[in-house]
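Undergrad: Okay, handing you the structure first.
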């Protein structure tokens with residue numbers, strides 16, 4: 001995970017999200033890794049990836065450094081874009097691997113940016129729910145390990161695994177947001 005300095009915005013428009021994903025793809029071509037899940041939020045990003053031959057820093061350093069330089073140049077900023085180096089953890093357990101994937105894909109739902117994870121454009125969740133077709137040059141998300149954990153109809157089972165984690169309280173909060181209500185609302 002990487003977070004904006006002082007929790008600041010690191011993606012301001014559609015082109016910024018695209019740039020980050022293109023840089024990730026370029027680095028993947030130089031230092032192969034398997035990308036299982038991603039979600040680019042407004043002020044941070046999550047990547048679930050498996051390195052092949054190179055240490056994680058060889059992947060993250062060029063992506064973050066190049067992106068920060070281009071972002072600062074585009075917007076006329078100086079200084080640090082990210083609050084620190086990325087945060088990483090080793091995932092050795094298959095169950096935890098699935099939980100991390102679910103956490104990443106539910107991030108925009110929990111932030112009340114969308115109602116369901118499929119509606120969020122800057123996430124790999126759509127790669128799990130569709131036939132896997134990509135645009136030319138788009139970063140490839142390898143869904144095989146996650147979907148391989150489900151026996152029959154893996155896409156539907158993964159969808160139920162992810163979306164079934166959205167709690168009643170979260171659903172109620174989304175409804176209140178849609179209705180532009182707050183907790184002080186009183187019935188007549």
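The values are calculated or read from the model by the stated rules, or taken from the named source; none is laboratory data. These numbers were taken from a predicted model, which means no experiment stands behind them. All Cβ positions, even for glycine, are placed from backbone atoms using ideal geometry, and neighbour counts span all protein chains on display.
Undergrad: Suppose we filter 104, 139 for residues that are within 19 Å of residue 19 (Cα to Cα) and within 17 Å of the chain's Cα centre (by Cα); which single one remains?
TA: Of the residues listed, the single one that is within 19 Å of residue 19 (Cα to Cα) and within 17 Å of the chain's Cα centre (by Cα) is 139.
Undergrad: Right, next: For the stretch 1-43: of the residues being modelled with pLDDT of 95 or more and in a strand (DSSP E or B), which is farthest from the chain's Cα centre (by Cα)?
TA: Applying the filter and picking the extreme gives 33.
Undergrad: Filter the stretch 89-124 down to the residues that are in contact with a helix residue (DSSP H, G or I) (Cβ under 6 Å, 6 or more places away or on another chain), without any contact (Cβ under 8 Å) to a residue 60 or more places away in the chain and assigned to a helix (DSSP H, G or I) and list them by number.
TA: Residues satisfying the conditions are 117, 118.
Undergrad: Would you pick out the residues in the stretch 39-56 that are in contact (Cβ under 8 Å) with a residue 12 or more places away in the chain and loosely packed, with under 15 Cβ neighbours inside 10 Å?
TA: Once the filter is applied, which keeps residues that are in contact (Cβ under 8 Å) with a residue 12 or more places away in the chain and loosely packed, with under 15 Cβ neighbours inside 10 Å, the stretch 39-56 yields 50, 51, 52, 53, 54.
Undergrad: Return the residues of the stretch 78-99 that are surrounded by 13 or more Cβ atoms within 10 Å (Cβ to Cβ) and over 30 Å from residue 163 (Cβ atoms); say none if nothing qualifies.
TA: The answer is 80, 81, 82, 83.
Undergrad: Another one. Within the set of pairs 6+ apart or on separate chains, which have a first residue in the stretch 67-82 that is assigned to a loop (DSSP other than H, G, I, E, B), a second that is exposed (fewer than 13 other Cβ atoms within 10 Å of the Cβ), and C-beta atoms under 9 Å apart?
TA: What qualifies is 81/69.
Undergrad: Turning to a different aspect of this structure: Within the set of pairs 6+ apart or on separate chains, which have a first residue in the stretch 145-170 that is buried (at least 16 other Cβ atoms within 10 Å of the Cβ), a second that is modelled with pLDDT under 90, and C-beta atoms under 9 Å apart?
TA: Close Cβ pairs satisfying both conditions: 166/174.
Undergrad: Further question on the same structure: Which count do you get for residues in the stretch 16-27 that are touching a strand residue (DSSP E or B) at 6+ places or on another chain (Cβ under 7 Å) and surrounded by fewer than 19 Cβ atoms within 10 Å (Cβ to Cβ)?
TA: 1
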